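Down below is the structure, laid out as structure tokens.
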Amino acid sequence: MQKFLKSTILLLLLFTSLSARSLDDIKKSGEIIIAVYDNFPPYSFLENNKPKGIDVDLGLEIAKSLNVKVKWYFTGSDENLADDLRNTIWKGNLIHKTKADVMFRIPYDYDYMRMTDISTGQLETENVSIKGPYQSESWIIATHKKIIPKINTLAIFAYHKIGVEVDTLPDLHLSSFARGLFRNNIVHYTNFSKAINDFKLKKIDAIAGLKSQLEYLLEYHKNKDKYYLTDAIPQMKSKWDLATATSSNYKALSYYIDGVIQKAYEDKKIEKIFKKYHVEYVPPIAKSQ
């Protein structure tokens, strides 16, 4: 708790006077403010107080192309993505008023980009520009091969325990599947690392989560003989692209970042970044259309 408070105070001190800016302003200032999710390996995390992760490395590519330094804005997740975008990109944090120039890990998905606020009818993404798809992500289920060698139907979890992080899509989908057929066998976690630990200790037989995250946390590249992974989850949309978001006031910045990411994709730099973290790279669906 003390470590968390120190980190929070540090972030407040670093970002109190920062706000999103145009491409020209970023170049003149010599720095770019990049928002990534806090404690979210393998995408963004601190290792010996140094930013690491897939999104961090890709952010450094953007900064390098502009010949500027990075000020990292590590942010937590709010109740929904609309809140994250409001607090991080277009309005600013309620406490320290910080705005980032760009934020990573935003769904590049037609259905999401057409979602509206229930109370106002306004598009949830009206104040942001989402471009630069760089990865296709998916929800998957991991099992211990010797216990569950294959999943033909989710009904198998009427006999086996599966762990999920609370309020995620797998949690909602599995809890309601077949009118709650195996609801009693779903183990809920507020901390995903605790779920991973319980899975490794075989306290649960399966775990549902993001493909890249499970591959990284389970060191799947070294344990393919131990674990079975599948994204075949019936009746659930389990694959989507991820991209970056900037304020809609700065379209030139958004298009510039899109160009940097496209070049990194063509040069296979993105693929190399994923390989560095021992995660399989799945190109964005948008790149194949």
Spot the failing condition for HIS221; the list is (1) modelled with pLDDT of 90 or more; (2) in contact with a helix residue (DSSP H, G or I) (Cβ under 6 Å, 6 or more places away or on another chain), and only one is missed. (2)
How many of the residues making up the stretch 151-184 are over 19 Å from THR230 (Cα atoms) and of a type in the set (S, T, N, Q)? 2
ILE207 being touching a strand residue (DSSP E or B) at 6+ places or on another chain (Cβ under 6 Å) and among the β-branched types (Val, Ile, Thr): yes
So ASN127 passes all but one of these: (1) in the same structural domain as SER22 (by TED's automatic domain parsing); (2) surrounded by fewer than 17 Cβ atoms within 10 Å (Cβ to Cβ). Which condition number does it fail? (2)
Cβ-Cβ below 7 Å, separation at least six or inter-chain, first residue in the stretch 247-260 and at pLDDT 95 or above, second part of a helix (DSSP H, G or I) and of a type in the set (Ser, Thr, Tyr): which pairs? VAL260/SER65
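The values are calculated or read from the model by the stated rules, or taken from the named source; none is laboratory data. Because the structure is a prediction, the values reported are computed rather than measured. Please note: Cβ atoms are built from the backbone with ideal geometry, for glycine as well, and neighbour counts cover all protein chains shown.
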